[in-house]
Structures are given as structure tokens and as C-alpha cells.
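The values are calculated or read from the model by the stated rules, or taken from the named source; none is laboratory data. For clarity, every value in this text was computed on a predicted model and none was experimentally measured. Positions of Cβ are generated from backbone atoms using ideal geometry, with glycine treated the same way; all protein chains shown enter the neighbour counts. Side chains are part of the model used for accessible areas, which takes the heavy atoms of the whole protein and leaves out ligands, DNA and RNA. Shrake-Rupley method; radii C 1.70, N 1.55, O 1.52, S 1.80 Å.
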Amino acid sequence: MPTLDVRCRRQHNRATTSAILAFLLALSPAFGISPSLASVSPPGAQAGTDVELTLAGARLDDAKEIIFYSPGIKVISLEPAKKGTSIKAMVRVSPDCARGEHQLRVRTLTGISELRTFAIGAFPVLKELEPNNEISKCQVLPVNTTVHGTITSEDQDIYKVQAVKGERLSAEVEAMRLGRVMFDPSLAILDPEGKPLVEVDDSSLGQQDPFVSVLAPKDGFYHVVVRDSTWGGGDGFVYRLHVGSFPRPSAVFPLGGSPGQTVKLKFLGDPAGPISQSLEIPKSAEGEWPAYCSVNGVSAPTPNRIRISSLPNIFESTSNNQRQSAVMSPEDPPAAFNGIISKPGESDWFGFTATKKVALEISVFARRLRSPLDPVLELADAKGKVLESNDDSAGMDSVLRHTPDDTGILYLRVRDQMGRGGPDFAYRIEVVSPKPSVTLSIPEVARNDTQTRQAIAVPRGNRMATMVSARRSQFNGELSFQIPGLPQGITFLSEVMPAGVDAMPWVFEAAADAGLSAELVEPQARSKSSGNPLASRWRHRVEMVRGNNDQVYYATHSDRLCVAAVQEIPYSLELEAPSIPLVRSGSMNLKVRANRKPGFDDPISVKMLWNPAGITSETEVTIPKGKSSALYGISSKSDAALGSWKLVVLGSANQEGGSAQGSSGFASVRVAEPFVTGKITTAITHPGQAVALKCSLDHKQSFEGTAKVRLTGLPEKASAREMEITSSDKEILFEITLDPKISTGSHKNLACVLEIRKGDDTILQTVGSGGILRIVPPKKDSGAGKKVAAASGVPPKP
């Protein structure tokens, strides 16, 4: 999915007029509620122009800022359009604004919206003119124009454009890539007589978005037809159609270059033939990079994509289709092999010298860069024996890892998974020794939800917490974190992430006088042992369009976290740290206190943000209307991780049609070894017949006085009285009484619950989990038996 270069600091617009500010302040609610942003219209603009945007959603009354993730778009004015549901913004797009997708959010006084996208192009923009669903009513377009349109149900939009024989006629649709709805467009060109010249549905370059490019067979007016491939439609079926004489290559070769260098590219698949062009790569460039093909000052509306990495390029030969004629790297890795599977059934071979015990990571970049190739990669030794192979480890691209046992020559073979090939089936294979790195992100808070709580809105004088995931590679040590550039008045708290733990909470706190502003920040991870920054990055994958079976059809990626101080909310939370430990196989209630603002007495929902390994908690508790506290139950398993863990709870309360959200600070809970372990002996009895059940005890640490012990897990119509033990007792003997009408059967969840007093607190611990009570039917000839069965649990013979 596309990743834009958004490493430059965004340029905030701070020039909203005082009249608009006063109006927005008058409309703002009393407390902080997050806004919702559903759409941005129009979906794009031409570089070097001013355009009025309508941003629609909910709770947008107090909008203060549009946060663009990349420079080049300046907000001139911002004002409400419809109360709460939309705002209008006049924006100025600089002439040198980067073409392509730009990410944005709306910041209000009370929160931060979802992430949406906006497209910048090079061509003048026109609006669709209805009706245009018949050739006789079609709209005439100048050459090299972008038109914004909408497909309604069972609709098609037809445009007319003039072309000269032998000249290029190109059209491209951006629809799925706008990230709105499941709009799978179809695109066709009709000749001057109205006969179909070409029709395309999907493309490797645009995925579900098609393009067509032909040499006009005759002079005249041609018709360009856009529709949904299934004849669907609706308000969200918005598109950007580019029509003109622009080049539209389907691929580029090579698929990569080094930062700070000029790479000679050959654009492939254009109807006029290959196009050679040089591209200067900035020194700061890395990862995926746009490459726009240009002819006579007219460039393609969307880019081909290449990979930027500091690896020497090595190119295929015309004869490297066998291992014996493999292209050899002149130096040991790292290296980047570049080639094209130019015909069906072809394979390309490369070789290099690997060093004993030096780990290798070998990645194919093809589909990720919009090549039609679906690669399969094999690694073979000097005799041709396949050591590793891979098909789809990176989407449809191949990645394999290998650590050679000896120094020697290894070979790579790449082919298409379906045996296909063609002049644009380009690929790039990067061979590197992987370095320690960490990728940070906020996990989804709900399945298939990549928007909720992915930005941090911290209420003034309050806190907001989030979970953060750390995906380590070639490294499994402790991590510490820092976040440079936070908004004024916001501080950040985090604990060291232990080795083997991949997710923990962070807490952000805003001072009472924090400035109401936002920043895009890049959280960093450091190795706790060395204190040095790792190769860490922030990565938020936003799934914009989902289809059937939850398949993601379009996603975008952000490399920065949006953090803002927002208006206060009517409560704050405190999670009290317990003075006693949570022992393994134990449980406790944590107290959550609510500090309410005057006049606010609504219920507050409270959820535990995370549970460390082996700790479980209630799903949610509620601080009732008008109350100031609630108890939150947590428990630990027998193998819970020992040590102190910082817990935090999130709160939400319904306000102004939305949810006012905040969090507690950290509260430390210590997980300790149990006081006692034990085992329950199986007991067997009949209905109406009492039975003795024994639990043997093994004391791990002493306690003062006595502890109460309850037997839990008994079925209905069975009971046992509470017992007491001391640190010297080796067993407990419960007398279980049973009603004569009790049902027969096995009950396998018996356990002893200990209550150990420590000062004013009580430590709860479970012992002997999994005890069994079997109630069997009495024999017909059995006598009255004894009142109480033997301590072994076996009922006496009659």
C-alpha cells in the first residue's frame, strides 16, 4: 500500500480570523468530545491553486485546525457549514506541493478526528456535469484534465475528448485509492464511431483502479466511459478521472536506486514504447519513492514506484536463465539484484558469496512496487540444492531468511508463481544482513478497526493512555521510549518494556494550562542495556476500504503519531495501587476513584487497558451515577509473570452526543509467589450422603494468625462450611453435605479460596484448582451407610 514521504514537518495554519475563532468558541461544548470525520470534498486539487473543501462528519462545531501530515497545503480560512456536521475550509496548495496522497485530520477544541486523505495532481480540475450517462449528453473535456465525479446506482459517466491520429490518448481513474467505499471502477475508451476500443477493470499499477493508454487510430472525438464494474453506485462512489495525452507506463526499471544519486530509469508499457528518464533521488529519501514519467513537459497523473536503499544495483543479463549462467555479485552482500521476467516460464538466476554464520534476509520487491509479477524466490547452494524457498511472506512478495553454515557461493532463483511473464514483470531482490530494529504502533482496539484511538487527545488537567506494540527484529532486549516534540504542556510516561513483552501502556498527561494544539511526533525506542536508539520507526496502517470477507482493498500508512491537548472533560480517574501483592492463583479488587466536576454525575464506564502476562480482569465496570468509586476485580494465573506491573484504566462517559474519554495514571501491582499450594483429593458419594474431601497443603511462605478457607465450585444443593488454617496445617478436611434430590454427575471445578489478613487488607488465593466431586446413583441393595464417608472420599460398603 502506498507510503508517502511525510518526514518533513507539517506547516500548521495559525491564521484563522478572530471573527471565526469567536464564532467557534461560542459553539464549543462544555467538555471534550472527539470529533468524527467521514469525508473530504472535493477529493483532490491541482497544485498551485486555491480550493474550498467541505469536511463532513459529526461534532465538528469547534474545529480549530486541519492537520496535514505533509507540507505544501495551507489553510486560509476555516468556518462551520452545518451545525456539528460539516465545516468549510479554504486551502492554498503550493505549486511545488508533492503530488499524490496527502493525509489529514481535523483538530477540534475537544478532540482529534480519524485520518482521511486528499489527492494533489498536476492537471486542472473540473466537476462532472450531469446528465452525462449517454453519448449524446456527454461532457467535453480539454486534453490533460482531471474531472471529479460520482457514480450513482446503475450509472455510467461518459466524457468526450479530442485526439489526433498516432498520438497518445490516456485515461486513468482514482477511486479505490481515494479510500472511500468499495468502488471497483471499470474504464473504457470508445472510438469516434462509438465502438469499444479498449476496456479495463483492474491493473497492477492501480490495483482495483484501471488505466488505459492507446495511440489514437484516427483523428476525432473519443469517448471515455467510467462505471462501477458491478453497476453499483452511491454517494461515496467518488472518483478522479485523468484524461489526456500524458504517458502512462505500467512499470519502471530498475525498481530501485540509492539516496543522493541519479538513477537512469526506463518506463515500460507505454503504447509509444519505452521512455528513458533520469531521476535525482534526494539524500534523505528511503523506502518507497514516487517516480513520475514525463514526456514534453506532461507527466503521468500518478507515479510508478521504486525502492530507495543504499545498496549497489546489479542487473540481470540476457542469459541468466540457468544457474550455470547466473549473474554473480562482484562483492559480498549487501546487494540489490534487478531484472524482468520478460516471457512466460522464465526464471532468473543470481549468485553471491555468503559468509559463514552471517544471517541473511533476502526480499523481493515486485507487487509492493506495483509490478504484475507474483514472485517465488528460491535459495540454492553451489550444487543447486534448494535451501530455502518462499512465495508470499510480504503480501504477494517473497522474503526468506537464512544463516549459512559455511562460507561459499549461494544462488537465487526468481520466477512468477503462475509461470507468467512480460516486458513489465520487473523485480528487485535485496540481500542484506538484518540489523536490530523495532517497529512501534498502537494495536487495534477492536477487530478490523484501525482508526479508533489511533491519535492521542489529552484533556487539559487530565491523562490519556494508550497501548503501544513493539515489534522487534533481530533483537529481544529491554526497551525504553522517548517522544521528542510533544505539544507544550504534555508529558509522557512509560515503563521499561521487558524482553519477551511486545505491548505495554503509555500515559500522556496534560497540564491544566496546556496549550490547545497538536503535533505530529515520532516516538523512538532505545535499547535499555545500551541506551542507544535502535533503528525504530512508527507505523500506523490505516485500512481505508474493506470488501467481502474483511479483505482489505486499500490501506495507507502513517509514520507519525498525532498528539494534542484538548479541552477538559468533566471527570478524572485515579486507580489506587494496592498495599498487598497479587499472589499467583490469587485475586483482588482494585479501587477506581472518580473526581467529578461540579454538575456532572453521569455514569462512567471503566476498562482495564491491558493485562500483563498471566493476569486477567473484568471486562468493564461502571462507576454508577452520582457515585465516586467502583471496585475492579483482577486475578492471576498460577504462572503469572512475577514482579511489579503498572496498570492503567480508561474511562468514558456520554457527553454531547459523543464520549468524553480519559485515563488514570499508572498504579503498581506486584505479582508474588503464593502463600500455599495444594491438591484436592477426588471425592465420590451418593445423593443425600455426606462426604469428606481433603485438600493437602504445601506452605511456601508463612502468614500470621489464621486464614479462612472456602470450598468453591460445589453444585447446587451441596455445601461445605468455611474452615480456618494456620501456617502449620498440612491439610484441610471439608465435610460436604448433599441434598437427597441433588443431581448425579461429576463436578470438576472445585477449589479452595484462602483469605489471608494482612493489616486491614485481605489477600485472596486459590488452592487446589480442578478438584473433583463425583455424585453417583446409589445401588438398589445398598444400606443406609455411614453419615460421613471415609476421608479417602470413597463411600463405605453397605
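Would you say SER371 is in contact (Cβ under 8 Å) with a residue 24 or more places away in the chain, open to solvent by 50 Å² or more (accessible area, probe 1.4 Å), in a loop (DSSP other than H, G, I, E, B) and not acidic (Asp, Glu)?
Judged against the criteria, SER371 is not a match.
Can you name the condition, by its number, that VAL649 falls short on among (1) touching a Lys or Arg at 6+ places or on another chain (Cβ under 7 Å); (2) at pLDDT 95 or above; (3) open to solvent by 60 Å² or more (accessible area, probe 1.4 Å); (4) within 20 Å of ALA457 (Cα to Cα)?
For VAL649, the failing item is (3).
Can you tell me which residue in the range 454-494 is most open to solvent (accessible area, probe 1.4 Å), limited to those that are without any contact (Cβ under 8 Å) to a residue 40 or more places away in the chain and within 22 Å of the chain's Cα centre (by Cα)?
ARG471
Of the residues that sit in the range 163-205 and are surrounded by fewer than 23 Cβ atoms within 10 Å (Cβ to Cβ) and of a type in the set (Asp, Glu), which one is farthest from GLN103 (Cα to Cα)?
This residue is GLU193.
Considering the range 515-552 alone, what residues qualify as being under 30 Å from MET182 (Cα atoms), touching a Cys at 6+ places or on another chain (Cβ under 9 Å) and open to solvent by 30 Å² or more (accessible area, probe 1.4 Å)?
None - no residue of the range 515-552 is under 30 Å from MET182 (Cα atoms), touching a Cys at 6+ places or on another chain (Cβ under 9 Å) and open to solvent by 30 Å² or more (accessible area, probe 1.4 Å), so the list stays empty.
I'd like the full set of residues that are open to solvent by 10 Å² or more (accessible area, probe 1.4 Å) and either closer than 21 Å to GLY44 by Cα or in a strand (DSSP E or B) (or both), limited to the range 142-162.
PRO142, VAL143, ASN144, HIS148, THR150, THR152, GLN156, LYS160, GLN162
Check whether at least one residue in the range 414-432 is under 26 Å from the mean Cα position of the chain (by Cα), open to solvent by 60 Å² or more (accessible area, probe 1.4 Å) and among the charged types (D, E, K, R), and report yes or no.
Scanning the range 414-432 turns up no residue that is under 26 Å from the mean Cα position of the chain (by Cα), open to solvent by 60 Å² or more (accessible area, probe 1.4 Å) and among the charged types (D, E, K, R).
Given (1) part of a loop (DSSP other than H, G, I, E, B); (2) over 21 Å from LYS127 (Cα atoms), where does VAL252 come up short, assuming only one miss?
(1)
Write out, first by first residue and then by second, each pair whose Cβ atoms fall under 6 Å of each other, whose residues are 6+ apart or on separate chains, and whose first residue, in the range 734-752, is polar (S, T, N, Q) while the second is open to solvent by 60 Å² or more (accessible area, probe 1.4 Å) and not in a strand (DSSP E or B).
THR744/PRO777
What is the one condition in (1) in a strand (DSSP E or B); (2) open to solvent by less than 60 Å² (accessible area, probe 1.4 Å) that ASN595 does not satisfy?
Of the numbered conditions (1) in a strand (DSSP E or B); (2) open to solvent by less than 60 Å² (accessible area, probe 1.4 Å), the odd one out for ASN595 is (2).
So, of the residues in the range 120-134 that are in contact with a Pro (Cβ under 9 Å, 6 or more places away or on another chain) and open to solvent by 10 Å² or more (accessible area, probe 1.4 Å), which turns out to be nearest to TRP289 (Cα to Cα)?
The first filter runs over the range 120-134 and keeps only residues in contact with a Pro (Cβ under 9 Å, 6 or more places away or on another chain), leaving 121-127.
In the following step, the residues that additionally are open to solvent by 10 Å² or more (accessible area, probe 1.4 Å) were identified as 122-127.
Numbers: ALA122: 18, PHE123: 21, PRO124: 24, VAL125: 25, LEU126: 28, LYS127: 30 Å.
Out of the qualifying residues, it is ALA122.
So which residues in the range 664-717 are farther than 15 Å from LYS730 by Cβ, hydroxyl-bearing (Ser, Thr, Tyr) and part of a strand (DSSP E or B)?
SER668, THR685, THR712 - these are the residues of the range 664-717 that are farther than 15 Å from LYS730 by Cβ, hydroxyl-bearing (Ser, Thr, Tyr) and part of a strand (DSSP E or B).
Which one is most open to solvent (accessible area, probe 1.4 Å) among residues in the range 206-218 that are assigned to a strand (DSSP E or B) and either modelled with pLDDT of 95 or more or touching a Pro at 6+ places or on another chain (Cβ under 9 Å) (or both)?
So the residue we want is LEU215.
Can we say ALA380 is in contact (Cβ under 8 Å) with a residue 12 or more places away in the chain, buried (at least 16 other Cβ atoms within 10 Å of the Cβ) and among the small types (Gly, Ala, Ser)?
Here the answer is yes, as ALA380 does meet what is asked.
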